[in-house]
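Every number in this text was worked out from the coordinates using simple rules, so none of it is lab data. As the structure is a computational prediction, the values presented were derived from the model and not from experiment. Because the Cβ atoms are built from the backbone with ideal geometry, glycine has one as well, and the counts that use them run over all protein chains shown.
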Amino acid sequence: MDQQRLQLGLLAGLADPKLMKAINAMHAEPSRAWSLEDLAAVAGMSRARFAARFRATVGVTPGAYLSEWRLGVAQSLLRRGKPVQVIASEVGYGSASALSRAFSAHLGLSPTDWLRRDSTGR
C-alpha cells in the first residue's frame, strides 16, 4: 500500500510543472548530494514553498523521496549483479556500509540479504 501511495503521489508530483523539474533532476542524478536549496532552485521556488508543496503533493518530504528513489535504483543495480561498493557511489552513498545502513533502516535487510531473498522469492 505504501508503494501505491508513493506512486500516486509521484504521478501528482510529475503533473506539477515545478515539482516535475526537481523530481526529474533527482532521477537523473541520484548520486548528487541534493540539498533542499538545490532542489528548490531547480523547481524555481523558495525553499519553504518547495518543501511544503512537495510534501503536500507527493506525500513525503523531498529527502525521504530521494532516499526511496536511491534505494530503488540500488535494488535494480543489485539485481543486475553490480557490487555494493559500486552501487553505493552510483546512488549517492559514500560507502558500501552507508548503503547497507540505509538498506537495513528502510528495508530491514542488508543489500546481500535483500538480494538473496529477492532471488528466491521469499
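How many residues, within the range 52-87, are touching a residue at least 12 places away in the same chain (Cβ under 8 Å) and in a helix (DSSP H, G or I)?
The total comes to 21.
If I ask for residues that are assigned to a loop (DSSP other than H, G, I, E, B) and under 12 Å from Val84 (Cβ atoms), which ones from the range 97-122 would you list?
Ser110
Go through the range 61-97 and give me each residue that's surrounded by fewer than 19 Cβ atoms within 10 Å (Cβ to Cβ) and hydrophobic (A, V, I, L, M, F, W, C).
Ala64, Trp69, Val73, Leu77, Val86, Ala96
Of all residues in the range 9-58, count the ones that are closer than 23 Å to Ile87 by Cβ and exposed (fewer than 15 other Cβ atoms within 10 Å of the Cβ). Give the derivation first.
Step one: list which residues in the range 9-58 are closer than 23 Å to Ile87 by Cβ, which gives 10, 23-35, 38-39.
With exposed (fewer than 15 other Cβ atoms within 10 Å of the Cβ) added as a condition, the list becomes 24, 27-29, 31-33, 35.
Within the range 9-58, residues that are closer than 23 Å to Ile87 by Cβ and exposed (fewer than 15 other Cβ atoms within 10 Å of the Cβ) number 8.
Do we find that Pro17 is under 20 Å from Ala105 (Cα atoms) and either in contact with a helix residue (DSSP H, G or I) (Cβ under 8 Å, 6 or more places away or on another chain) or free of Cβ contacts under 8 Å to residues at least 40 places away in the same chain (or both) in this structure?
Taking the combined requirement at face value, the residue does not satisfy it.
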